[in-house]
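The block underneath contains the structure these notes are about, expressed in structure tokens.
The values are calculated or read from the model by the stated rules, or taken from the named source; none is laboratory data. Bear in mind the structure is a predicted one, so any value in this text is a computation, not a measurement. Cβ coordinates were reconstructed from backbone atoms using ideal geometry, including for glycine residues, and neighbour counts include every protein chain displayed.
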6 protein chains.
Amino acid sequence: MNKKVAVIRREHFNAAHRLYNENWSDEQNMATFGKCSLPHYHGHNYELEIKVIGEIDPVTGFVMDLKELSDLVNDKVIERFDHKNLNVDTEEFKQLNPTAENIAVVIYDLLRPHIKPSFELFVRLFETPRNFVEYPA
Amino acid sequence: MNKKVAVIRREHFNAAHRLYNENWSDEQNMATFGKCSLPHYHGHNYELEIKVIGEIDPVTGFVMDLKELSDLVNDKVIERFDHKNLNVDTEEFKQLNPTAENIAVVIYDLLRPHIKPSFELFVRLFETPRNFVEYPA
Amino acid sequence: MNKKVAVIRREHFNAAHRLYNENWSDEQNMATFGKCSLPHYHGHNYELEIKVIGEIDPVTGFVMDLKELSDLVNDKVIERFDHKNLNVDTEEFKQLNPTAENIAVVIYDLLRPHIKPSFELFVRLFETPRNFVEYPA
Amino acid sequence: MNKKVAVIRREHFNAAHRLYNENWSDEQNMATFGKCSLPHYHGHNYELEIKVIGEIDPVTGFVMDLKELSDLVNDKVIERFDHKNLNVDTEEFKQLNPTAENIAVVIYDLLRPHIKPSFELFVRLFETPRNFVEYPA
Amino acid sequence: MNKKVAVIRREHFNAAHRLYNENWSDEQNMATFGKCSLPHYHGHNYELEIKVIGEIDPVTGFVMDLKELSDLVNDKVIERFDHKNLNVDTEEFKQLNPTAENIAVVIYDLLRPHIKPSFELFVRLFETPRNFVEYPA
Amino acid sequence: MNKKVAVIRREHFNAAHRLYNENWSDEQNMATFGKCSLPHYHGHNYELEIKVIGEIDPVTGFVMDLKELSDLVNDKVIERFDHKNLNVDTEEFKQLNPTAENIAVVIYDLLRPHIKPSFELFVRLFETPRNFVEYPA
């Protein structure tokens, strides 16, 4: 068996969102989500790290070509979310609150079918340099 | 005369915006502003550096207390723009396209009256880590 | 069962410290701790990352509100250590050498009682951008 | 038993390399490695994080003195690779393609004999700020 | 007259180089350039900031579209130097020592003809995060 | 005349300090300097950028060898302040309040005699990533 290594590619996208629960009053939303629930949206420069773990291919020395991983992430994730309003412009967050946690799970689900089954996949998403999430934990 | 030093404070805010000229067709806007003109907004983590140049006060050793500068920037700028939609929620950008250039000039004008006249003032605004502006140039 | 996600909040504090073992001579301390044992203290901008792992609450989309986590870390940790001399001003390090390792364990113990028992907790502490520790490992 | 903590030291080196498989034609190499296979080499500022996990020594408060770890990494790794052409100047990569994955494994093998057997060792290597690897995964 | 603002775009490229003066002995080169003169090259992740100063166009709110500036820098500079050996693969550094100073001047001269004459142009080039140059000074 | 370029070297040191005016009461000091005046000191990871502007030497392609500049800064500044208590351990700040402004001026004065008279010299000092100063302004 070859050695297992993690390879990580960092990408980014800019999007608008607001956090709210449509079954709640404005007051309940403000109490839970604060300024993040303001009705006209705010936005972030999301930084996204995709980690793939697998064995080194002895012919190439790669686990997976990071150029290929970058192309895949751009094709499946960045194109979909970049310069969009997550609540309004995307199917994924029409019913689902676009918290960093939920965005990370959605990104995982978008990428998982396109990553070799023998590879493990991990998502880290920075909403700001001081707030970020990891899935699976 | 005492020595002149620049003191710089970095703050940040998150906001949504879109770039467009209301006198233009959607096609003209897309041709000029690309994805930045998409109608439902996108957003950024803006990083803001405020530089003040003045003489060192020999009693305190400060040009200006950076805590005071931070409070001023929060009061006059961050409160106004943080977690807002610049196009919809702010008076400043109802008629003015919220490009980084225009935002920097607006921030300068908001702060200038509250900085001692003998001090020089400079604004640097990062829209992303790779795109930023400085005013005055 | 809902999906498990890690949420991380980054905070910072500035503090003075020195490293030494009170049972040792100055020479022994210098041999082990080098310049870090100099008697009049030096200091750091500590950057602190607190990670909490738990299931996403389907009502909010949060594992834990990072604003709440930030308030908790400020209340229990930052207030206690910021702008302090760790050796002199704090109970925790009167007998315990304030190495990054020991500070991380102390911070964990300060926070653990205030984090929901079903959540896992992890501390990462940067003493400098090139020296950092993680607990539990 | 004492508490287990991870301590991490970050170092850097600059090196030239090219990626290719000597059994392949230029066309095959270009198809797999792209610009990274260009014959006259390119280079990187490699950032290297070495993590050691062990119990805190109650006498010093250290798992391992990061100054000692830094000296070890400089002696065994940085001296060997810094300002070198990995393909031409080093024994390790005369037959082995110097991908980030392979470099990380080589660095692990260079350090492992010099780290206390009871300590765990992990290598993270940044080829660029957006491409990095971890070994063991 | 409209307000003058500086707009800055950050790009990057990876390249190999060595520093030496072909009229000198190896010893002289080593004495002056140290490890940077080693014969088989080393390399860097160069980070490049291009600053353009001009008046805000009141119709667009831009000094210059940073997307256009990015395309120009990629076309004229990044394509030319990325993943290349500066000493061997480029006309510009066949006779000219590829120090950061000289690379910055060459990049300025490559871009200047393509920037509007009324705009000022400045180049900042990071050879490493701790070593960088600016031209014109 | 040869082209003028700025070359910049970044170094760092860790130190303890407190801000206060010895002619004032504790209350006055607390009112002006806040937590920075606490009697037992706090500290910082200072990041220091030294910029030298001069003409490129056509023989080397350097304005000034950044290795030499680094050695000079380490010899004259870092050795003096690193892991020290600025108020207690240094002559420079026995009478002078160690604000970032004053530290920058002192560093300039320490370096100026050792830099070629035809070169310009500038100091940028980061007390934290969000608070920094520049001298001369």
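Could you list, in sequence order, the residues of segment E:121-137 that are part of a loop (DSSP other than H, G, I, E, B) and either touching a Phe, Trp or Tyr at 6+ places or on another chain (Cβ under 8 Å) or among the aliphatic types (A, V, I, L, M) (or both)?
At the first step, the residues of segment E:121-137 found to be part of a loop (DSSP other than H, G, I, E, B) are E:129-130, E:136-137.
Passing the criteria: E:PRO136, E:ALA137.
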Residue that is nearest to A:ASN14 (Cα to Cα), among those in segment B:121-131 that are touching a Leu at 6+ places or on another chain (Cβ under 9 Å) and away from chain A (no Cβ under 12 Å): B:LEU125
Output for segment F:84-124, where each listed residue is more than 26 Å from F:ASN21 (Cβ to Cβ) and not acidic (Asp, Glu): F:LEU111, F:ARG112, F:PRO113, F:HIS114, F:ILE115, F:LYS116, F:PRO117, F:SER118, F:PHE119, F:LEU121, F:PHE122
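Can you name the residue in segment D:54-63 that is among the hydrophobic types (A, V, I, L, M, F, W, C) and buried (at least 20 other Cβ atoms within 10 Å of the Cβ) and, of all such residues, is nearest to C:THR99 (Cα to Cα)?
D:PHE62
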Filter result for the condition that a residue is aromatic (Phe, Trp, Tyr) and under 12 Å from the mean Cα position of the chain (by Cα), over C:TYR108, C:TYR41: C:TYR108
Residue satisfying all of: in segment A:19-39; more than 19 Å from A:GLN95 (Cβ to Cβ) and touching a Lys or Arg at 6+ places or on another chain (Cβ under 7 Å); surrounded by the most Cβ atoms within 10 Å (Cβ to Cβ) among these: A:LEU38
Any hit, segment B:13-34, residues being more than 7 Å from every other protein chain (Cβ to nearest Cβ), free of Cβ contacts under 8 Å to residues at least 24 places away in the same chain, hydroxyl-bearing (Ser, Thr, Tyr) and out of contact with any strand residue (DSSP E or B) (no Cβ under 7 Å at 6 or more places or on another chain): yes
Residue within segment D:43-52 that is more than 22 Å from C:PHE126 (Cβ to Cβ) and surrounded by fewer than 21 Cβ atoms within 10 Å (Cβ to Cβ) present: no
Residue match in segment B:83-97 (condition: within 13 Å of the chain's Cα centre (by Cα) and surrounded by fewer than 23 Cβ atoms within 10 Å (Cβ to Cβ)): yes
Lone qualifier among D:GLU79, D:GLU27 - being charged (D, E, K, R) and modelled with pLDDT under 95: D:GLU27
Close pairs (6 angstrom Cβ cut-off, 6 or more residues apart or separate chains): closer than 16 Å to A:LYS35 by Cα in segment B:60-86, among the aromatic types (Phe, Trp, Tyr) anywhere: B:ILE78/B:PHE13; B:PHE81/B:PHE13; B:ASP82/B:PHE13; B:ASN85/A:TYR41; B:LEU86/B:PHE93
Subset of segment C:2-12 (residues that are part of a strand (DSSP E or B) and away from chain F (no Cβ under 14 Å)): C:LYS4, C:VAL5, C:ALA6, C:VAL7, C:ILE8, C:ARG9
Helices (runs of 4 or more DSSP H) (entirely within segment E:35-120) containing at least 2 residues that are away from every other protein chain (no Cβ under 11 Å): E:66-73, E:100-111
E:GLU127 being within 12 Å of the chain's Cα centre (by Cα), closer than 19 Å to E:TYR20 by Cβ and of a type in the set (D, E, K, R): yes
